[in-house]
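Quick notes on the structure that follows.
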Amino acid sequence: MKPVILLTGKNGQVGGELLRLLPQLGEVIALDRDQLDLSRPSEIRRTIREVQPQFIVNAAAYTAVDQAETDESTARAINAEAPEVMADEAKKTGAALLHYSTDYVFDGTKNAPYDETDATNPLNVYGKTKLAGEQAIRNSGVSHLIFRTSWVYATRGRNFLLAILRLATNKEELRIVNDQVGAPTCAFDVAAATCKILADALDRSHGKLVSFAESGTYHMSAAGQTTWYEFAKAILEEAETASRHLEWLAEATQRRQLIARRVLPISSEEFHLPTHRPAYSVLSNYLLYQVFDVTLSHWRSQLQRCFVSESSPVNVPAT
C-alpha cells in the first residue's frame, strides 16, 4: 500500500512541482492556504489527525522578505509556529516530516560555501523565523528532513525570473544588484531531488514511510554561484533565443517584445533595499551528495532548461 502524503503549499513554487511528482510515490492530499490556514494551530492539528499521513511535506512558507519586517507576527506564525505544531503532531502520530528552509539563516560574512554545521545568524525577520522553524522541528524529536535551498524561482508564481522578464518589456535599462552572491535554484530541481530521496526511503522501508534514518538538516541548492546582476543578464540571454511559443514565457511577458538593451550593476545601497540580506549565501551541497547520492545541476543549466521546453519531465529522475 502506498503511503499517504500530506502536502502543504501546493500552489507555491516548490509545492506546485511536488504536486506533479509526489503522486508517483503515494496518495497525496495537497492543500493550499485557503484549505489550511497555517496561522491557526488548531486547523493544523485537526487536518493532520483527520488525514493521518505517513509523511508531511511542508512546502508552505511566508517568503515576502521585505514585508516580513512589518508583519513579523504572521511570518512567525507560518514560518516558525506552524512547523512546530506539525512536528508535534507528526511525533504523536508516527509520521515523518519534510520541511524547507533557506540560505537566509546565515549572515553572509563567510567567503566560502556554507556547511550545515556553520553558525547561523539571520539578518532579517524572514531568516529569523525560518531558523526558529528549523529549531522547533529539531527539538521535537520527530523523524525529519530539513532542506535549505536558495534563490528559488519557477516559471509560475512570483519570483526574480518572472520579474526580470516583466521589467524587460517595460524598460530599456535595468539596474540590478551586483553585490549579493548566491545560487539561483529552480523549483523543479528541488522537487525532483526531494522525490528521489523519498523514493529511496520508500524502497528501504518496503512502502512504509514512517521514519528517516538520516534525520537532519541538509543544503539543497544549484551548483555554482552568481549575482542577481549576472542572473538577470543570463535570463535575458536565454529569453532572446527562446521560442515565442513557450506558454509560460508568453504569459510572463504578456506576449510583448523585450525592449531592455542594457543591464547595469548597482550596489544594494543604491537599490535602497528596505531589508538587510546576506551578501554571500552560497550553500555547500556536499552532505546531500554524501548521504543521499543526490546532486543538483549548475544554476545556468537549470535556467536553460526552463527555456527549452514547455514543461519539465514528470518522472522522478535518477541522479
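The values are calculated or read from the model by the stated rules, or taken from the named source; none is laboratory data. As the structure is a computational prediction, the values presented were derived from the model and not from experiment. FYI the Cβ positions are ideal-geometry reconstructions off the backbone, even for glycines, and counts take in every protein chain you see.
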*Selection count where residues are charged (D, E, K, R) and more than 24 Å from residue 278 (Cβ to Cβ), scope segment 82-126*: 5
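Would you mind finding the one in 130, 171 that is more than 14 Å from the chain's Cα centre (by Cα) and basic (Lys, Arg)?
Working: 130 fails: more than 14 Å from the chain's Cα centre (by Cα).
Residue meeting the stated conditions: 171.
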*Could you list, in sequence order, all residues of segment 219-252 that are in a loop (DSSP other than H, G, I, E, B) and hydroxyl-bearing (Ser, Thr, Tyr)?*
221, 243
*Those residues of segment 156-184 which are surrounded by fewer than 24 Cβ atoms within 10 Å (Cβ to Cβ) and assigned to a loop (DSSP other than H, G, I, E, B), in sequence order*: 156, 157, 158, 159, 169, 170, 171, 172, 178, 179, 180
_Residue check for residue 121: assigned to a loop (DSSP other than H, G, I, E, B), surrounded by fewer than 17 Cβ atoms within 10 Å (Cβ to Cβ) and modelled with pLDDT under 95_ = no
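Any residue in segment 132-150 that is under 20 Å from residue 230 (Cα atoms), at pLDDT 95 or above, touching a strand residue (DSSP E or B) at 6+ places or on another chain (Cβ under 9 Å) and aromatic (Phe, Trp, Tyr)?
Step one: filter segment 132-150 for residues under 20 Å from residue 230 (Cα atoms), giving 149-150.
Filter once more, keeping what is at pLDDT 95 or above: 149-150.
Next, only the ones that are touching a strand residue (DSSP E or B) at 6+ places or on another chain (Cβ under 9 Å) stay: 149-150.
Of the ones still in play, those that are also aromatic (Phe, Trp, Tyr) are none.
No.
Could you tell me which of the residues 292, 231, 307, 212 is touching a helix residue (DSSP H, G or I) at 6+ places or on another chain (Cβ under 9 Å), modelled with pLDDT under 90 and buried (at least 18 other Cβ atoms within 10 Å of the Cβ)?
Details: 292 fails: modelled with pLDDT under 90; 231 fails: modelled with pLDDT under 90; 307 fails: modelled with pLDDT under 90.
After applying the criteria, what remains is 212.
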*Among residues of segment 40-63, those that are in contact with a helix residue (DSSP H, G or I) (Cβ under 7 Å, 6 or more places away or on another chain), assigned to a strand (DSSP E or B) and in contact (Cβ under 8 Å) with a residue 60 or more places away in the chain, counted*: 1
*Do you know which of the residues in segment 90-101 that are out of contact with any Leu (no Cβ under 9 Å at 6 or more places or on another chain) and not basic (Lys, Arg) is modelled with the highest pLDDT?*
100
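Condition test on residue 100, is it among the hydroxyl-bearing types (Ser, Thr, Tyr), in contact (Cβ under 8 Å) with a residue 60 or more places away in the chain, assigned to a strand (DSSP E or B) and closer than 23 Å to residue 33 by Cβ? Quick ask: steps written out before the conclusion?
Values: among the hydroxyl-bearing types (Ser, Thr, Tyr): yes; in contact (Cβ under 8 Å) with a residue 60 or more places away in the chain: yes; assigned to a strand (DSSP E or B): yes; closer than 23 Å to residue 33 by Cβ: yes.
Answer is yes for this residue.
Kindly provide the set of residues from segment 269-289 that are in a helix (DSSP H, G or I) and crowded, with 16+ Cβ neighbours inside 10 Å, ordered by number.
Hits for segment 269-289 are 287, 288.
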*Please work out which one of (1) in contact with a helix residue (DSSP H, G or I) (Cβ under 7 Å, 6 or more places away or on another chain); (2) at pLDDT below 95 is the condition residue 2 fails and give its number.*
(1)
